[in-house]
Amino acid sequence: MNESESKELFEEAGLLFLFEKFQYQFYVTDLLGKIKPEILESFLNCYEFQQNEPLFFDEFAFHFRIFQNISIKNNWIN
């Protein structure tokens, strides 16, 4: 998934602030580069992130990877 697709999913979920905060880290780690958009969309809808609460990229990546693995193992995303 490219950067503009990722940004659009964050924007649709009302979490554009999160994309802007971690945009460089997403690029460097390629965390979102090889995933299906459905996984990111589902993750952003299931988890709740607040703009005024502190969040480190490592925390976000940890939760995302767990969610991604569970989704794949349980065939939640085709």
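In whole percent, what relative contact order does the chain give with Cα contacts below 8 Å and a gap of six or more residues? All intermediate terms of the calculation are to be shown ahead of the outcome.
Details: 39 pairs, mean separation 26.7, N = 78.
Rounded, it is 34 percent for the chain.
Can you work out the Karplus-derived ³J(HN,Hα) for every residue in region 44-59? Use 6.51 cos²θ - 1.76 cosθ + 1.60 with θ = phi - 60°, whole Hz, and x for glycine or proline.
5, 7, 8, 8, 10, 10, 10, 5, 8, 9, x, 8, 8, 4, 4, 5
Cα extents of the chain along the three principal axes, largest first, in whole Å?
Sorted largest first, the three principal extents are 33, 24, 22 Å.
What accessible area per residue comes out for the chain, rounded to a whole number of Å², with a 1.4 Å probe? Please report the intermediate quantities before stating the final value.
Working: 5390 Å² over 78 residues.
Heavy-atom accessible area per residue stands at 69 Å².
Counting other Cβ atoms within 10 Å, keep those with at most 11, restrict to DSSP loop, and tell me which GluC sites (Glu not before Pro) in the chain are left. Intermediate values should be presented prior to the final figure.
On the way: sites: Glu3, Glu5, Glu8, Glu11, Glu12, Glu20, Glu38, Glu41, Glu48, Glu59; in loops: Glu48.
For GluC sites (Glu not before Pro) across the chain that sit outside H, G, I, E and B with at most 11 neighbouring Cβ atoms in 10 Å, the list reads Glu48.
Which trypsin sites (Lys or Arg not before Pro) in the chain pass both tests, a DSSP loop state and at most 10 other beta-carbon atoms within 10 Å?
Values: sites: Lys7, Lys21, Lys34, Arg65, Lys73; in loops: Lys34.
Here the trypsin sites (Lys or Arg not before Pro) that fit, given the DSSP loop and packing criteria, are Lys34.
Would you mind telling me the share, in percent, of accessible area of the chain contributed by carbon and sulfur at probe 1.4 angstrom?
Working: 2600 of 5390 Å².
Within the chain, the accessible surface is 48 percent carbon and sulfur.
Report the residues of region 44-61 in range of a label on Val28: point 7 Å along Cα→C-beta, backbone N strictly under 19 Å from it.
Residues passing the 19 Å test: 55-61.
The values are calculated or read from the model by the stated rules, or taken from the named source; none is laboratory data. Because the structure is a prediction, the values reported are computed rather than measured. All Cβ positions, glycine included, derive from the backbone under ideal geometry; neighbour counts span all protein chains shown. The protein model used for the area step is the full one, side chains on, heavy atoms only, and it has no ligands, DNA or RNA in it. Shrake-Rupley method; radii C 1.70, N 1.55, O 1.52, S 1.80 Å.
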